[in-house]
Amino acid sequence: MNNKKIIIGTAQFGLNYGISNISGKTGEQEVKEILQYGKKNNLNYLDTSSHYGRAETLLGKLNIANWKVTTKYKTEEILVEKEKILENLIKFIEKSKKKLKIKKIYCVLLHNPELILTRNGSELYRALQTVKSLGFISNFGYSIYNFSSLKKMCKRFKPDIIQCPYNIFDRRLITKNYFNFLRREGIEIHVRSVFLQGLLLMPFKKLPKFHRKWKNLFYKWEHWLSENKLDPVEACLNFVLQTKEIDKFVLGFNNLIHLKKIFKTKVKKKIIFPKYIISNNKKLINPSLW
């Protein structure tokens, strides 16, 4: 396991996040232990958002000055008034820095970044470049759910980082050849949704009713795991780890036990992931549509 590639996702620290999450928000003491254990094991990156409930405030209470923190803002909230785009962006960054109690943000990612292609996109891009040059942030990028505007966004308004979904079911980065495009453009690739919000870790009989319409795919997934004597966490992590084009990946978990299990996962070079375990159905692979 290359620990330097792992980014701790913090949505569970502030929200009842994840379809398989039955324990609710992670408690403060548990978060503290996760951070301490992570730092002892050479983890350096945190992924949070101003929209993850109490997450930024909680992290700020736990002394994260020696972590590199990515946070996210909604593009539409920055674009409210053309004359105040830079002012709004700085306001959001300063608010996050105050909550997190850090001097500099590693990366700001935009939610709904497709809006940068609208009327005031050039002003927003200039604002992002300005806050970077002034030292408020080290990087900026786009957090995407779909790839339809990716190439257009990156060619017109090149980011430092793209964060996007990638897992055994959702292989759009490979099938649509986006890896090669992003590499050519010199853009870092960070992936999330490695466990599809925990859906890939659940036995079929415990799936929500909404997801059972894809029973054939889940049966294939379970059968393949059983046939290859693989734990779903092990399979999901190896799938991502075998994709060398990925620079970093965000992993969310509810407690320290889950993090320790991740660290115990061995990288297996001989796993061949079948091409029939895949879906292009956005209602399945895009959690925002559940």
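Restricting to the stretch 268-283, name every residue that is in a loop (DSSP other than H, G, I, E, B) and either open to solvent by less than 80 Å² (accessible area, probe 1.4 Å) or touching a residue at least 12 places away in the same chain (Cβ under 8 Å) (or both).
Initial filter on the stretch 268-283 (in a loop (DSSP other than H, G, I, E, B)): 268-281.
Residues satisfying the conditions are Lys268, Lys269, Ile271, Phe273, Pro274, Tyr276, Ile277, Ile278, Ser279, Asn280, Asn281.
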Can you find a residue in the stretch 246-256 that is out of contact with any helix residue (DSSP H, G or I) (no Cβ under 8 Å at 6 or more places or on another chain), open to solvent by 30 Å² or more (accessible area, probe 1.4 Å) and either farther than 21 Å from His223 by Cβ or not small (Gly, Ala, Ser) (or both)? no
So which of Lys205, Lys261 is modelled with pLDDT under 95, in a helix (DSSP H, G or I) and under 23 Å from the mean Cα position of the chain (by Cα)? Lys261
What are the pairs with Cβ atoms under 6 angstrom where one residue, in the stretch 191-204, is at positive phi and the other, located anywhere, is open to solvent by 30 Å² or more (accessible area, probe 1.4 Å) and not hydrophobic (A, V, I, L, M, F, W, C)? Sequence gap at least six, or different chains. Gly198/Ser20
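Tell me which residues, restricted to the stretch 33-54, are among the hydroxyl-bearing types (Ser, Thr, Tyr) and either more than 17 Å from the chain's Cα centre (by Cα) or not in a loop (DSSP other than H, G, I, E, B) (or both). Write out each step before concluding.
Going through the stretch 33-54, the residues among the hydroxyl-bearing types (Ser, Thr, Tyr) turn out to be 37, 45, 48-50, 52.
Tyr37, Tyr45 - these are the residues of the stretch 33-54 that are among the hydroxyl-bearing types (Ser, Thr, Tyr) and either more than 17 Å from the chain's Cα centre (by Cα) or not in a loop (DSSP other than H, G, I, E, B) (or both).
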Within the stretch 56-63, can one find any residue that is open to solvent by 30 Å² or more (accessible area, probe 1.4 Å), on the phi > 0 side of the Ramachandran plot and at pLDDT 90 or above? yes
All-but-one check, Ile168 against (1) hydrophobic (A, V, I, L, M, F, W, C); (2) open to solvent by less than 10 Å² (accessible area, probe 1.4 Å); (3) over 18 Å from the mean Cα position of the chain (by Cα), failing number (3)
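Conditions (1) in contact (Cβ under 8 Å) with a residue 60 or more places away in the chain; (2) out of contact with any Ser or Thr (no Cβ under 8 Å at 6 or more places or on another chain), marked per residue:
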position	(1), (2)
Ile34	yes, no
Asn41	yes, yes
Glu94	no, yes
Ile102	no, yes
Asn120	no, yes
Lys132	no, no
The residue that is surrounded by the fewest Cβ atoms within 10 Å (Cβ to Cβ), considering only those in the stretch 223-244 that are under 12 Å from Ile277 (Cα atoms) and over 25 Å from the mean Cα position of the chain (by Cα), is His223
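The values are calculated or read from the model by the stated rules, or taken from the named source; none is laboratory data. Being a predicted model, the structure only gives us computed values, none of them experimental. Methodologically, a virtual Cβ is constructed for each residue, glycine included, from the backbone with ideal geometry; neighbour enumeration extends over all protein chains shown. The accessibility values were calculated without ligands, DNA or RNA, using every heavy atom of the protein model including side chains. Shrake-Rupley method; radii C 1.70, N 1.55, O 1.52, S 1.80 Å.
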